[in-house]
Amino acid sequence: GGGGGGDSYVQMNGGANNTNNGVNRYIPLGGNYFDTGSILVYTEGLCPFDGVVESVTVRTANASGSTATKLWVNGSEVNTSTDTISAATPITINFGDSVSVGDKIAVSMNTANSAGDTHVTVLIKKS
């Protein structure tokens, strides 16, 4: 709520199970996936408008320590943030990367130990 000036946002939510340590693990956004044990086959979220990826919020079930969260657009890494994460405690990473309508948005995490169930929320603001 609140009297914003007509700003439009979209949230892309995704979750995955991460059993491999020290590997970039893609988190599917709004799509199906399956885990082969060595690679996670995923679907990306489609950006509905021109805008900016304002932030990515990450939560893992049981990982702790150093975690690299990467934002991918059309299969290319556009930004990364290395943070210290605690189990079941969400962290929000501010990115601010421009995206266009139809761009394929993905997020990956790379943790030093198994992340268990991982959930992300990508917040995109319409430009």
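The values are calculated or read from the model by the stated rules, or taken from the named source; none is laboratory data. Everything numeric in this text was worked out from a predicted model, so none of it was measured. All Cβ positions, even for glycine, are placed from backbone atoms using ideal geometry, and neighbour counts span all protein chains on display. Accessible surface is based on the protein model in full, side chains and every heavy atom, while ligands, DNA and RNA are left aside. Shrake-Rupley method; radii C 1.70, N 1.55, O 1.52, S 1.80 Å.
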- Query: Amide H to amide H under 5 Å from residue 95: which residues, 5+ apart in sequence or cross-chain, H placed 1.01 Å off N in plane?
  - Reply: 55, 56
- Message: Going by average Cβ density within 10 Å per residue, which order do the peptides 60-69, 86-95 take, highest to lowest?
- Response: 60-69, 86-95
- region 59-106, accessible area per residue, ligands and nucleic acids excluded (1.4 Å, Å²): 48
- Just how much of residue 123 is accessible, in Å², when a 1.4 Å probe is used and the result is rounded to the nearest 10? 40
- Item | Extension gain from residue 117 to residue 68, taking 0.36 nm per residue of separation minus the Cα-Cα distance | 16.1 nm
- Message: How much length would be gained if the chain were fully extended between residue 82 and residue 7, taking 0.36 nm per residue of separation minus their Cα-Cα distance, in nm to one decimal?
- Response: 24.1 nm
